[in-house]
Amino acid sequence: MRIAPRLGIALGFVGALSTVGLGWALREERRSEETQRFDAEVASACTRIRDEVVRQAENERKLLNGECAEGALVDRAVTAMEAGNLDDHRLALSTLVPSQRAAFDLDALLLVTDKGEVLGADPRSFLGMPGAEVTSLAKGDPAHYLHGSASVAPIVSRCRKKGKHRGTTVALIGMHRIDPVIERLGKTVNVTATSGEGRARTLVAGDAADVAEASCPLDDRGGGAPMWISVAKPKGELFEHLRQIDHTVAIAVVLASSGALLLAFFLARSLSRPIEELASQAQKVASGEARPISVRGTGEMADLTAAFDRMLEDLEATRRRLAATSRVAAWREVARRVAHEVKNPLAPIRAAVETLRRLRARDDPAFDEYFDEATRTVLDEVHRIANIVTEFTRFARLPPPRPSEVDLVELVKQVATLQKANAPSATIDVHVRGTPPRVLADRDQIVQVATNLLQNALDAVKDNPDPRVTVTLEPQRDLRRPSAEPGSAAVSRARVLLTVADNGTGIAPEIAARLFEPYATTKPHGTGLGLAIAQRIAIEHDGELSYIGTPGQGAVFRLALPVDGPAAISELSISG
């Protein structure tokens, strides 16, 4: 049953109940029931706050476990320790900790070793933490997420990752102060809440008889004494409710029934429409098709709508972070494929050398004849290995972008002119729509992306009777970027779109799904790293590289670059 009829039935029942007349004899019983209900709500609020704190602590622990399992920060620290060049990477690791702490929304984050050494910390005051205390934090049970004294009361989550060699272990320790969490949760359930048994009562003005209070224990899970959560709520709402009960007894049958029906009618009209719209958009969240909604009115419905819109923005940001994390996890598969690609050329090299040695050992007259063929085979395969290693090195050691103002129109025309020299039979058309602004980007890296897209397009049309590649540049202003200020509305962010299309045979759907994976290629002479490198450059510029072509109608790739450059670079330059 929908909320509108349910609300009407409920209010109508109250009105009908009032019409039969609640006698004065039931007054004291109702007062007792309301008092017990109020106390139960306060006690329930304490339990809900405790459960929410536990849930948040578990979520933070899962986040850190995910970082230790597949995150780049811990992975780099373990790799550096095993390679014995930790000092060379110490500064880089330390600079990654603040951004990781902000991403996890923690009050403090420490990257430490099992020897008690702090590799990075935010805030930096934790860098001076004694080694014994660091070791104790790092070696604690990850499930024991509550730690510390009642005065500090932080939520501590930790994860550890062991290296494959040398017995190295790196730990990631996150801290979250519990008092602000409890206070915030208390506001959501309309109570005053704090840590410590009986402390919430002191924060509420009024006599002790006018305040309801409850406490509940929060187990440390580490064998220590439990921490108490205390909540308090003024009884003004209860007293007002009791006075309303007294007045309801005296209300006339007609007035009570009429008031209940009118209230049900207006509330049903004002609540059913926005709630139905919220429900409709909520059903689309899983598919990513939900859109922000605008509901007129104030109070809880406006707050609910604003919270829903913020949730959509947070979900979109989370999807992007998960996509980036999955790409990091793909490095294991990359390493396996590199080993496979390098191993294949070794077989013919070994066979050629062994055959030469056998012919030489028995002074076979065929030695000279076979020598030229064998050495040519060896050189070809060595050249193939060198190409694989070179491309993989470019992919693995791509430097961070160094943004400067770049005129994409002039850049694209230069790249098109150079590629035209390599494919004189093909036609390369460059179209500029509107007036694309200059962008803040690394010129060399954008040249690399444009060159890769054009080379792929020219390779795709080389067997076409009328080979043609079309390059389009145009401005765009439909992307909305969240404001840096909490609670502020999103702001418009301009982008420039670079589209490269060809009239080749297109890309098969099964290949299109893996286009940007390392070593995914349809070229017999390619390494499959070109598009992977190009997409990585686009992501590090806070942009996007995507395939938007239709099967059988030629390939179409689109590069979207923000005009104001990578967000991380912009924030760093402002804070510096």
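Would you check if there is a residue in region 362-375 being at negative phi, modelled with pLDDT of 75 or more, touching a His at 6+ places or on another chain (Cβ under 8 Å) and surrounded by 13 or more Cβ atoms within 10 Å (Cβ to Cβ)? No, there is no match, as no residue in region 362-375 is at negative phi, modelled with pLDDT of 75 or more, touching a His at 6+ places or on another chain (Cβ under 8 Å) and surrounded by 13 or more Cβ atoms within 10 Å (Cβ to Cβ).
Among the conditions (1) surrounded by 15 or more Cβ atoms within 10 Å (Cβ to Cβ); (2) free of Cβ contacts under 8 Å to residues at least 12 places away in the same chain, PRO465 misses just one, which is (1). Please determine, by comparing only the residues of region 123-134 that are in a loop (DSSP other than H, G, I, E, B) and modelled with pLDDT of 80 or more, which one is surrounded by the most Cβ atoms within 10 Å (Cβ to Cβ). Step by step, filter region 123-134, then rank; the result is PRO123. Contact map, region 534-546: first residue free of Cβ contacts under 8 Å to residues at least 12 places away in the same chain, second residue surrounded by 23 or more Cβ atoms within 10 Å (Cβ to Cβ), Cβ cut-off under 7 Å, separation 6 or more or different chains; the map is empty.
When residues in region 63-122 are screened for being hydroxyl-bearing (Ser, Thr, Tyr) and in a strand (DSSP E or B), 1 of them pass. If you check GLU510, GLU571 for being among the acidic types (Asp, Glu) and either modelled with pLDDT of 75 or more or crowded, with 17+ Cβ neighbours inside 10 Å (or both), only one passes: GLU510. Just one of the numbered conditions (1) buried (at least 21 other Cβ atoms within 10 Å of the Cβ); (2) modelled with pLDDT under 70 is not true of LEU545: (2). Being more than 35 Å from the chain's Cα centre (by Cα), among the charged types (D, E, K, R) and at pLDDT below 90 is true for just one of ASP444, ASP463. Which residue is that? Exactly one residue qualifies, and that residue is ASP463. Considering only region 319-334, I want to know if a residue exists there that is modelled with pLDDT of 75 or more and over 32 Å from the mean Cα position of the chain (by Cα). For region 319-334, residues modelled with pLDDT of 75 or more and over 32 Å from the mean Cα position of the chain (by Cα): absent.
The values are calculated or read from the model by the stated rules, or taken from the named source; none is laboratory data. Just so it is clear, the structure is predicted and the values come from calculations on it, not from any experiment. Because the Cβ atoms are built from the backbone with ideal geometry, glycine has one as well, and the counts that use them run over all protein chains shown.
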